[in-house]
Structures are given as C-alpha cells and as structure tokens.
Amino acid sequence: MDQQTFFSSDPSQPLAARLRPESLDEFVGQRHLLGPGKVLSRLIERDQLCSMIFWGPPGVGKTTLARIIARGTRAEFITFSAVTSGIREIREVMQRADAARLTGERTVVFVDEIHRFNKAQQDGFLPFMEKGSIILIGATTENPSFELNSALLSRCKVFVLQPLRQDELTGLLRRALTDPRGFGGQTVHIDDELLSLVASFANGDARTALSTLEMVVLNGDVDSSGAITVTRDTLRQCVSRKSLMYDKAGEEHYNLISALHKSMRNSDPDAALYWLARMLEAGEDPLYVARRVVRFASEDVGIADSRALEVAVAAYQACHFLGMPECNVHLAHAVVYLSLSPKSNACYTAYNQAAQDARETPAEPVPLTIRNAPTGLMKDLGYGKDYQYAHDVPGKIARMECLPQSLRGRRYYHPTQEGLEARYKERLEQILQWRKE
C-alpha cells in the first residue's frame, strides 16, 4: 500500500517517470476515451467516478490516468500494488473506508496489476464495493475476462487503452527534448528521422520510447560547448532489437496463434509466415507452434492431403532436434506447405459429431457380432457369433452392422471433393451403395 510516493518527483528518476503527465492536457494518446466529450474524460473532469478497469499493454498510460484522477478527486485516494500487497492490507484499508463512508467521505482504491491478485484477494473488495465504501480502479495488461472474478468484473466499467500511434510517440519525444523535466536544459541535436525510428522501435509503448531516447542522448557525442548530437550509429548501438509485445501466458499468445491458424486455413502463406515470425522472434517456444501445426494438418487439411500430417510431424521433430533459431526454417516449410494444401475439415467435423453422440446417447453395449470371444463362456453367450472376417469375403466388406442398434445408418464422415479426398469420397459412395443393395 502506498499513498505518498505515488506523486514523488526525483531528478534522478528515469526520464519516463520525470515526464509522467500531471493533467489530461499533458496526456498523450487514448483520444477514443479522453477526447472532447468522451465518457472517461467527463467522469474525470466532473469527479463522478465509478469502479473501473484500465486494460491495455504496457506503457500506454494506465497508471498515469490513475495519478491524474488522484490529483483531481475530492476523495481519499489509496494505491495498492498487487505484487506486494496481501489480504491483511486489503482488510485494513477496507475497514478504514467503511468507517469513512459513515461520515460521508469517499475512498478511491487504485490497484496496479490487479490481475496478479488471486481470487480470494479480489473477493475481498466485493462487499465494500456493494456498500459503496470504495470506488475501485484497477490496471491490468491481461484480458479481464480471463483474469478477474466475474462478480468483480460485473461491477466495473472496462476501458480499453490502445498502443500509442507512431506520430503520438514522436510528439512525446519532441516534448521530452524541450521540457525542463526532460532535456529542456540541454542542447540536444537529433534528426526527426531518428526520432521516428525511436518511436517505431517502441511499438506503441511510451515508457519504452522515452527510455530509449534517454539512452541515446546519454550516449550521444558531446562537443566542447556541451551540446549533444545523436547519430544514427549511436541509435543503432542502443537499439539492437525491436521489442515485440508478447506474453506467452496472456491473451496476445492466443491472438497470434489464432492468426497463424486462420491464415493457413485461408491459404495465405505470406500472412501465415508473418504471424509465425511474430511469435518466434518474440521468444515463443517453437515446439508449441509445431504442436499447433500438427493439429492443423489433420483438422484443416486431413485426407485431402495426408502428406500434410507427415510434413507437420517432421517439422515438430526437427524443432525438437535443433531448437531455435535453426528450426525456424522447418516451421516455415511446414506452414507454407499447409497453407497451399487443399483443405478439408471432414475428419474434424466427423469426430465432433461422433463425440457428441458418444456423450449424449445411451452407452449401448458393443454388438455381440464384433466382440472378441477368448473364453468358452463368452462363446456360449454369443460373443463373436456370425462374425465375418472381411478378408475372406468378396470386396473385403462383410455384411455386418458395427454400430449400436440405435445408431445404425448414422453417417459422420462426409468427404469433400478437395485434393485426394475426392478419391476417398468415390470409394465411400461405392461402399454405401453396395450395402444399400
């Protein structure tokens, strides 16, 4: 729990901390929420707060908005960090807020990284939100639908904060060069093109943009007058690799694998390769990607090209043998092959329909005809009676019913005309016609 250091200002702080906006006029980005007449800006300006969740990637202003609200509200403002606060601290603050409510005072509680609170800690807020003792403001980088209790979520308005645009980041960097809290007291020469490169590198994250600018300025060339010049070479040394926003356990993990899967399904190898690269370059486990590719081979290609499964399994084995970065080309090989393969989900839908019947229909016994009879008693009970060995009859198809009585005649597999599956479709139609006759 922290109340005083929320607004502390120290010249030795990083540039991003020194330049943290203190009002909505200084705030950069989120015009869809904070533009003229927008709901969040009205709530803040009128001090008519409700419980809310700020959801967005790092460096887009979640904590900054909480600071601005804290400056403007007439309520007591208390902050928690979900990393360091426990259930005892929560109870203490809730009891104080309950007492303050009786005297007509409001309490606003800000919880940073609220997704790190477990379910019991989240539940600790609920009765006090119900009574109106507190207004809860939470900040999270994770999808609230997955990480927050449904009861807590239903009592909060969720505001989605977007990554900053490159022009917004470039404007922020220019302000940092002139603001006295930044480099306004120094002479810094840096081309607009280099500022744009820093903004691009930041990938929508204001904190990353300012931290990168601070690094390149501190490592710039200083002349005899004390002026600092930032060159392209300096920038290249400080920015060796773009930081891709990616959380292996969060929503973006699932968004990207979904994008890869759906690009392959839509026979778009270029998009599939891009999403593959986004994951691998951000540090995703190649074996995870390979497993999803193996799944795709049967779910979306299937018998239309059974070689697809062989290619996918071979790619998985290559990833297991070599690891990154060498196995990236094997995954690319498989992804392109699957993207260009004929598509059929007939096996996938057939299994789903069979599984539904297995779950929802009575579990009938296996027909006696197709049961094994390893003992004399079983034979006496009719196990295996009238069984016909398919290899001993013309056409290799015996006149037997293999489904339970209530499901006889049920069709699950409906082959398509795609790729090699057209041949299997013709064969199945011949079998069905023979049985009908």
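The values are calculated or read from the model by the stated rules, or taken from the named source; none is laboratory data. Note that the structure is predicted; figures quoted are calculated from it, not measured. A quick note on method: Cβ atoms are made from the backbone with ideal geometry, for glycine too, and the neighbour counts reach across all protein chains shown. The accessibility values were calculated without ligands, DNA or RNA, using every heavy atom of the protein model including side chains. Shrake-Rupley method; radii C 1.70, N 1.55, O 1.52, S 1.80 Å.
In segment 181-196, the residues that are charged (D, E, K, R) reach residues that are surrounded by 12 or more Cβ atoms within 10 Å (Cβ to Cβ) and at pLDDT 85 or above with C-beta atoms within less than 7 angstrom, at least six apart or across chains, in these pairs: 181/18; 181/19. For beta carbons closer than 7 Å, sequence separation of 6+ or different chains, a first residue in segment 281-296 that is charged (D, E, K, R) and a second that is assigned to a loop (DSSP other than H, G, I, E, B) and exposed (fewer than 14 other Cβ atoms within 10 Å of the Cβ), the qualifying pairs are 284/248.
With respect to being surrounded by 13 or more Cβ atoms within 10 Å (Cβ to Cβ) and under 44 Å from the mean Cα position of the chain (by Cα), residue 329 falls outside the description.
When 375, 369 are screened for being open to solvent by 50 Å² or more (accessible area, probe 1.4 Å) and hydroxyl-bearing (Ser, Thr, Tyr), only 375 passes. Of all the listed residues (95, 121), the sole one being open to solvent by 60 Å² or more (accessible area, probe 1.4 Å), part of a helix (DSSP H, G or I) and not small (Gly, Ala, Ser) is 95. Entry remark, segment 396-421: residues being out of contact with any helix residue (DSSP H, G or I) (no Cβ under 7 Å at 6 or more places or on another chain) and in a helix (DSSP H, G or I) number 2 in total. Looking across segment 1-36 at every residue that is in a loop (DSSP other than H, G, I, E, B) and modelled with pLDDT under 80, the one that is surrounded by the most Cβ atoms within 10 Å (Cβ to Cβ) is identified as 1.
Please determine whether any residue of segment 99-109 is under 25 Å from residue 59 (Cβ atoms), of a type outside the set (Gly, Ala, Ser) and either out of contact with any Pro (no Cβ under 7 Å at 6 or more places or on another chain) or assigned to a strand (DSSP E or B) (or both).
The first filter runs over segment 99-109 and keeps only residues under 25 Å from residue 59 (Cβ atoms), leaving 108-109.
Now narrow it down to the ones that are of a type outside the set (Gly, Ala, Ser): 108-109.
Filter once more, keeping what is either out of contact with any Pro (no Cβ under 7 Å at 6 or more places or on another chain) or assigned to a strand (DSSP E or B) (or both): 108-109.
Taking every residue of segment 99-109 in turn, at least one turns out to be under 25 Å from residue 59 (Cβ atoms), of a type outside the set (Gly, Ala, Ser) and either out of contact with any Pro (no Cβ under 7 Å at 6 or more places or on another chain) or assigned to a strand (DSSP E or B) (or both).
Taking segment 399-418 as the range and being surrounded by 15 or more Cβ atoms within 10 Å (Cβ to Cβ), in contact (Cβ under 8 Å) with a residue 60 or more places away in the chain and out of contact with any Ser or Thr (no Cβ under 7 Å at 6 or more places or on another chain) as the test, the residues that pass are 412, 413, 415. Give me a count of the residues in segment 124-141 that are open to solvent by 20 Å² or more (accessible area, probe 1.4 Å), within 18 Å of residue 66 (Cβ to Cβ) and either out of contact with any helix residue (DSSP H, G or I) (no Cβ under 9 Å at 6 or more places or on another chain) or not aliphatic (A, V, I, L, M) (or both). Going through segment 124-141 one residue at a time, the tally reaches 1.
Quick one: would you say residue 351 is in contact (Cβ under 8 Å) with a residue 60 or more places away in the chain and hydroxyl-bearing (Ser, Thr, Tyr)? Quick ask: steps written out before the conclusion?
Numbers: in contact (Cβ under 8 Å) with a residue 60 or more places away in the chain: yes; hydroxyl-bearing (Ser, Thr, Tyr): yes.
Considered against the rule, which asks whether it is in contact (Cβ under 8 Å) with a residue 60 or more places away in the chain and hydroxyl-bearing (Ser, Thr, Tyr), residue 351 comes out as yes.
Consider segment 56-79 and keep the residues that are among the charged types (D, E, K, R) and over 12 Å from residue 205 (Cα atoms). The one that is most open to solvent (accessible area, probe 1.4 Å) is 74.
Here residue 391 passes the criteria (1) closer than 25 Å to residue 307 by Cα; (2) in a helix (DSSP H, G or I); (3) open to solvent by 70 Å² or more (accessible area, probe 1.4 Å) except the one numbered (1).
The residue that is modelled with the lowest pLDDT, among those in segment 219-230 that are surrounded by 16 or more Cβ atoms within 10 Å (Cβ to Cβ) and in a loop (DSSP other than H, G, I, E, B), is 220.
Yes or no: segment 208-218 includes at least one residue that is open to solvent by 20 Å² or more (accessible area, probe 1.4 Å), outside any loop (DSSP other than H, G, I, E, B), under 24 Å from residue 30 (Cα atoms) and of a type in the set (A, V, I, L, M, F, W, C). The answer is no; no qualifying residue exists. Residues in segment 37-84 that are over 26 Å from the mean Cα position of the chain (by Cα), outside any helix (DSSP H, G or I) and in contact (Cβ under 8 Å) with a residue 24 or more places away in the chain: 47, 49, 50, 73, 74, 75, 76, 77, 78, 79.
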